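Written out below as structure tokens is the structure these notes cover.
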Amino acid sequence: MSGLLPFERVVDRYGGDVWRFCASQVGVDPADDLFQDTMLAALDAYPRLRDPNAVKAWLLRIAARKAVDLFRTAARAPAAVADPDPGAVPGPQPPDERLWEQVRALPVKQRQAVALRYVLDLDHAGIATVMHTGTEAARRNVFEGVRSLRARLDD
Amino acid sequence: MTDHDVERTLASGPQAPSGQHWARLRAALAERAAGEGLLDVAYAPMDSPLGPLLVAATTVGVVRLAFDNETSDAVLDELALRVSPRILSTPCRLDAPRRQLEEYFRGERTQFDIPLDWALTRGFRRQVLAATAGIPYGATGNYRSVATAAGNPGAVRAAGSALATNPIPILVPCHRVLRSDGTLGGYRGGPDRKTRLLHLERGPTDPA
């Protein structure tokens with residue numbers, strides 16, 4: 001337990017980045033709930049955290065896992081993840097929002113890696129730590145994610 | 001769209017929540033944490049005639065009260081280390097102690113009705129601090145009498161040390177303890193605050 005920051009300070013330091021990662025995975029509107037669920041799960045497990053220096057990666061890992069759970073739920077309850085209404089007539093959208101929709105449509109490893117690399121500015125080693133992969137796998141997931149996004153947006 | 005465009009757009013958003021959105025999110029998080037039994041220490045600031053205070057409570061009771069001569073970081077770090085790191089700013093959980101303290105400062109309350117958590121004080125120190133509760137509002141005692149009430153009349157310096165490190169001043173009225181020669185003695189919040197608390201308790205008729 002010694003060496004752990006007060007959790008209030010954890011939220012101060014990393015809360016913004018955790019929220020941004022949440023929004024990258026599930027969209028802006030569902031991000032508040034995903035953020036709450038992530039931070040509450042973290043608070044619950046906090047006294048048992050073994051490496052106080054690895055708080056940020058640990059938080060992102062929890063957020064990533066809970067985002068994946070939301071995607072599974074979205075198969076049954078579409079509002080869980082922000083997706084375009086399939087019945088709607090496609091209208092003009094801000095170009096950025098089209099990109100984020102496609103991010104959410106990526107396979108999970110690419111979706112996570114792309115967000116960790118570009119939204120959170122992690123290097124491949126940092127991404128590997130969050131995703132429990134090797135550094136080369138992290139690099140590949142980022143590369144393939146960006147390539148896939150470009151291909152989908154060029155359609 | 002080129003790869004560069006994709007990367008640039010990814011890097012430019014989403015923006016971190018700020019202002020009222022962030023404040024609401026933080027408050028909701030703290031309240032949910034408290035409601036789900038995940039919050040070991042709730043704290044909140046409050047204003048007072050002695051300057052800003054920080055009050056912290058566990059589910060047992062108020063565990064800490066600090067004046068602003070101690071930084072909130074130092075206070076919270078100590079709580080994280082010695083009580084629990086599951087600490088969040090949760091003003092609603094401190095409503096009752098804050099209200100009673102405000103009444104006390106207005107001269108409307110002479111006795112506190114608040115559970116205390118003695119987690120930060122053990123053994124003889126705790127007995128010394130508990131003994132100060134026997135000194136009535138508006139009265140004073142001295143270090144020797146408090147040491148005696150705590151069961152060790154000779155431990156005057158230890159009593160002084162216990163009082164100087166009182167984690168819950170005002171609620172545990174160590175300010176009512178003076179030296180036997182009548183001089184002020186020490187105080188965690190500094191001599192000025194000790195004097196002002198004694199004047200407050202003696203009432204408006206106090207000539208000093």
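The values are calculated or read from the model by the stated rules, or taken from the named source; none is laboratory data. None of the values given here were measured: they were computed from a predicted structure. Here the Cβ is made from the backbone with ideal geometry for all residues, glycine too, and neighbour counts use every protein chain on show. Note: areas computed on protein heavy atoms with side chains; ligands, DNA, RNA excluded. Shrake-Rupley method; radii C 1.70, N 1.55, O 1.52, S 1.80 Å.
Once R0 is set to 51 Å, what does the formula 1/(1 + (r/R0)^6) return for the Cβ-Cβ distance between B:VAL60 and A:ARG147, expressed as a FRET efficiency to the nearest 0.05? That pair, B:VAL60 with A:ARG147, gives E of 0.35.
Between the alpha-carbon centres of the range B:70-131 and the range B:42-61 there is a gap of 7 Å.
Amide H to amide H distances under 5 Å link B:ASN142 with B:LEU178, where only residues 5 or more positions off or on other chains count and H is placed in the peptide plane.
Here the dipole of the range B:154-208 is about 120 debye; that uses its Cα centre as origin and unit charges on the Cβ of Lys and Arg (positive) and Asp and Glu (negative). Could you check how much of the accessible area of chain B is carbon and sulfur, as a whole percent, using a 1.4 Å probe? Summing carbon and sulfur atoms, their accessible area is 50 percent of the total for chain B.
Heavy-atom accessible area, probed at 1.4 angstrom with all protein chains present, ranks A:THR38, B:THR58, A:THR129 as A:THR129, B:THR58, A:THR38, highest first.
Pick out which of B:LEU25, B:LEU88, B:LEU38 has the largest mean-square fluctuation in a Gaussian network model of chain B, springs linking Cα atoms closer than 10 Å. The residue that fluctuates most here is B:LEU25.
When the solvent-accessible area of chain A is split by element, carbon and sulfur atoms take up 50 percent of it, the probe being 1.4 Å. Given R₀ = 25 Å, FRET efficiency for A:GLU97-B:ALA11 by Cβ-Cβ distance, to 0.05? The pair A:GLU97/B:ALA11 has a calculated efficiency of 0.95. Relative to the Cα centre, the charge distribution of the range A:2-53, modelled as +1 at Lys and Arg Cβ and -1 at Asp and Glu Cβ, gives a dipole magnitude of about 300 debye.
The residues of chain A expose, per residue, 49 Å² of accessible area to a 1.4 Å probe. Secondary-structure-derived ellipticity at 222 nm for chain B, considering helices only, amounts to -12500 deg cm²/dmol, per-run term -39500 (n - 2.57) for DSSP H runs with n ≥ 4. Taking the DSSP bridge list for the protein assembly as shown and keeping only pairs wholly inside it, about 60 percent are antiparallel.
For the chain pair A and B, the buried solvent-accessible surface (1.4 Å probe, both sides summed) amounts to about 3400 Å². To the nearest 10, the accessible area of B:SER18 is 80 Å² with a 1.4 Å probe.
Dividing the helix sum by the residues of chain A, where each DSSP H run of 4 or more adds -39500 (n - 2.57), gives a mean residue ellipticity at 222 nm of -22500 deg cm²/dmol.
Computed over protein heavy atoms with a 1.4 Å probe, the accessible surface of chain B works out to 47 Å² per residue. Neighbours of B:TYR137, meaning other residues whose beta-carbon lies under 11 angstrom from its beta-carbon, give a summed charge of +2 when Lys and Arg score +1 and Asp and Glu score -1.
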